[in-house]
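Contents: one structure, followed by commentary.
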Amino acid sequence: MRSDAVKRGVERAPHRSLLRALGLTEAEMDRPFIGVVNSYNETIPGHMHLNKVAEAVKAGIRIAGGTPFECSTIGVCDGIAMNHPGMKYSLASRELIADSVEIVAEAHAFDALVLIPNCDKIIPGMLMAAARLNVPTIVVSGGPMLAGNMGGKVVDLNSVFEAVGAVKAGKMTDEELAEVECQACPGCGSCSGLFTANTMNCLSEVLGMALPGNGTIPAVDAGRLRLAKQAGMQIMELLRRNIRPSDILTPAAFHNAMVVDMALGGSTNSVLHCLAIAHEAGVAMSLSELNEISNRTPHLCKISPSGAHHLEDLHVAGGIPAVMHEVAGLGLLEGSAMTVTGQTAAENYAQARVVDRNVIHSPQQPYSATGGLAILFGNLAPEGAVVKRGAVHPDMLVHSGPARVFDNEELATQAIMAGQFQPGDVLVIRYEGPRGGPGMREMLTPTSLLAGMGMDSAVALLTDGRFSGATRGAAIGHISPEAASRGPIAAVQNGDIIHIDIPHYKLSLDVPEAEIARRLAALPPFRSQITRGYLKRYAKMVTSASTGAVFTDD
């Protein structure tokens with residue numbers, strides 16, 4: 001056992017003395033030491049209840065003969081950080097979370113881990129640490145928030161963001177906005193649509209690192225606590241059988257995750273995070289192969305913001321196992337992939353069935369024959385860009401229009417709120433990439449303003465930053481290389497024609513290559529306005545979005 005390093009032998013008497021100070025008995029010291037890394041805090045609605053989840057996990061560990069040690073890591077609420085400098089820290093926190101889990105697990109020689117995340121960057125950060133540490137590990141999230149109800153109308157956080165645009169367009173009163181604000185987020189859990197947090201919690205199941213139900217059992221459901229207790233019990237079985245993340249996070253697991261992601265039409269950020277997790281697991285992933293998967297995978301679910309359903313609906317309809325069963329019937333999944341249940345993926349979804357065809361369509365009657373995400377390439381994005389195809393208005397799947405260029409999110413937001421754009425425009429927000437931001441801000445405000453104004457079917461939005469999982473419309477993000485690295489997006493000028501062809505995975509700038517090169521050569525060296533602190537170090541170490549925005553190995 002790894003924990004023998006802190007409790008066995010005469011030379012470990014000082015260590016045991018400190019463990020006794022924690023109140024441990026002889027029996028508890030004889031058992032395996034299980035780290036329970038909990039991202040509970042009182043800042044994030046998705047995390048405010050994780051102390052109860054952790055108690056259930058620890059109870060399960062004790063039932064199965066282990067000794068739990070709870071410790072913590074940080075978390076950022078993307079919704080609260082949105083549209084101000086705090087958002088620069090969101091993606092950047094992912095690397096800190098991974099590092100902090102590594103540090104506490106290694107320093108205390110835990111034999112195995114149960115990781116308790118629930119929101120955006122915390123989930124991938126913990127999964128990155130699991131791959132890096134490679135000790136038996138299981139993930140159990142806090143579960144999704146229930147959707148809100150406003151006079152019989154279902155609302156969620158995205159409804160509030162879009163309502164701001166509706167007020168600016170004169171389509172909604174301030175009083176109506178206040179009512180949406182008060183009803184949209186009724187309690188604990190990760191925001192109720194298929195935004196980034198819920199996408200990653202669902203994909204944790206598909207990757208095999210979480211038990212079935214992890215992504216969809218509502219936060220307030222007693223089933224969530226039972227799942228947590230089962231996770232605590234199951235980690236002891238994984239330890240007994242020595243099933244490690246390296247046995248689970250294989251090429252087959254990442255293939256399965258991308259197939260199900262396409263069927264769900266999840267957040268574009270899932271691509272960024274899966275690339276980063278795969279990097280830690282030593283698994284090669286390329287953006288181009290994702291389009292091959294998309295071409296073969298039907299889009300079966302339209303969960304908010306793409307449609308009217310929410311995670312609670314997906315859970316009742318059969319959850320992620322039912323979605324997996326549907327795409328497996330097309331021969332799209334690697335059923336032999338190992339999972340934390342101790343069984344293969346195929347064994348996990350073998351008995352799953354769809355209960356509600358309104359929520360999970362059949363492969364014979366999909367929303368579309370191709371997946372809900374697409375990777376675009378072209379002279380504007382030589383290394384790729386990502387769009388949630390399933391949330392794009394049909395009129396905008398193919399579009400050409402003049403560029404309106406902004407060098408940060410604030411300038412773009414001001415112009416949108418002032419109505420300083422025309423139908424057909426392609427709004428370009430640059431210098432918001434991993435290095436340029438720094439931190440690759442998630443920009444829900446400009447996209448939701450356009451949606452609230454009813455302009456998401458007439459205006460496209462492009463960026464080297466990110467868009468929220470709550471985004472809908474022709475919002476194309478992760479354009480790589482980024483402007484700060486002299487990517488072609490830095491050469492775009494107002495009035496340049498940009499061509500978008502999502503069905504054919506193309507994004508191009510109608511400017512001769514020689515002129516693009518001339519413009520880029522004439523640019524002054526990029527200088528970040530961040531001159532101190534973590535973000536300065538982050539900007540020096542982070543790589544392109546096309547590689548998952550991981551840190552350089554140099």
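Things worth noting here:
- Pair list, Cβ under 6 Å, 6 or more apart: the stretch 5-23 residue under 17 Å from ALA105 (Cα atoms), other residue modelled with pLDDT under 95: none
- Scope the stretch 314-340; condition touching a Cys at 6+ places or on another chain (Cβ under 8 Å) and farther than 24 Å from PRO245 by Cβ; matching residues: LEU314
- Residue within the stretch 352-360 that is open to solvent by less than 20 Å² (accessible area, probe 1.4 Å) and under 23 Å from the mean Cα position of the chain (by Cα) present: yes
- Picking from residues in the stretch 406-446 that are of a type in the set (Asp, Glu) and assigned to a loop (DSSP other than H, G, I, E, B), the one that is farthest from the chain's Cα centre (by Cα) is ASP425.
- If you go through the stretch 308-321 and pick out every residue that is in contact (Cβ under 8 Å) with a residue 60 or more places away in the chain and either of a type in the set (Val, Ile, Thr) or part of a loop (DSSP other than H, G, I, E, B) (or both), you end up with 3.
- If the condition is being out of contact with any Lys or Arg (no Cβ under 9 Å at 6 or more places or on another chain) and basic (Lys, Arg), then the stretch 520-552 contributes ARG527, ARG532, LYS536, ARG537.
- Test: residue in the stretch 89-109 that is within 16 Å of the chain's Cα centre (by Cα), under 22 Å from MET440 (Cα atoms), open to solvent by 10 Å² or more (accessible area, probe 1.4 Å) and at pLDDT below 95: no
- Residue, nearest to the chain's Cα centre (by Cα), within the stretch 485-508, restricted to residues that are open to solvent by 10 Å² or more (accessible area, probe 1.4 Å) and more than 23 Å from LEU290 (Cα to Cα): SER485
Quick grid of which residues meet (1) out of contact with any Asp or Glu (no Cβ under 9 Å at 6 or more places or on another chain); (2) part of a helix (DSSP H, G or I); (3) among the hydrophobic types (A, V, I, L, M, F, W, C); (4) on the phi > 0 side of the Ramachandran plot:
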site: PRO68; (1), (2), (3), (4): yes, no, no, no
site: ILE80; (1), (2), (3), (4): yes, yes, yes, no
site: PHE110; (1), (2), (3), (4): yes, no, yes, no
site: GLY125; (1), (2), (3), (4): no, yes, no, no
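- Flag for MET324 being open to solvent by 40 Å² or more (accessible area, probe 1.4 Å), among the aliphatic types (A, V, I, L, M), modelled with pLDDT of 95 or more and not in a loop (DSSP other than H, G, I, E, B): no
- Flag for THR341 being of a type in the set (Val, Ile, Thr), farther than 28 Å from LEU461 by Cα, part of a loop (DSSP other than H, G, I, E, B) and open to solvent by 20 Å² or more (accessible area, probe 1.4 Å): yes
- Residue count for the stretch 131-167 under the criterion of being more than 20 Å from VAL76 (Cβ to Cβ) and either assigned to a helix (DSSP H, G or I) or out of contact with any strand residue (DSSP E or B) (no Cβ under 8 Å at 6 or more places or on another chain) (or both): the result is 16.
- Counted residues, the stretch 187-218 - those being of a type in the set (S, T, N, Q) and touching a Gly at 6+ places or on another chain (Cβ under 6 Å): 5
The values are calculated or read from the model by the stated rules, or taken from the named source; none is laboratory data. A quick note: this is a predicted structure, and the numbers were derived from the prediction, not measured. Glycine gets a Cβ as well: all are built from the backbone with ideal geometry, and neighbour counts include every protein chain shown. Heads up: the accessible areas ignore ligands, DNA and RNA and are worked out on the full protein's heavy atoms, side chains in. Shrake-Rupley method; radii C 1.70, N 1.55, O 1.52, S 1.80 Å.
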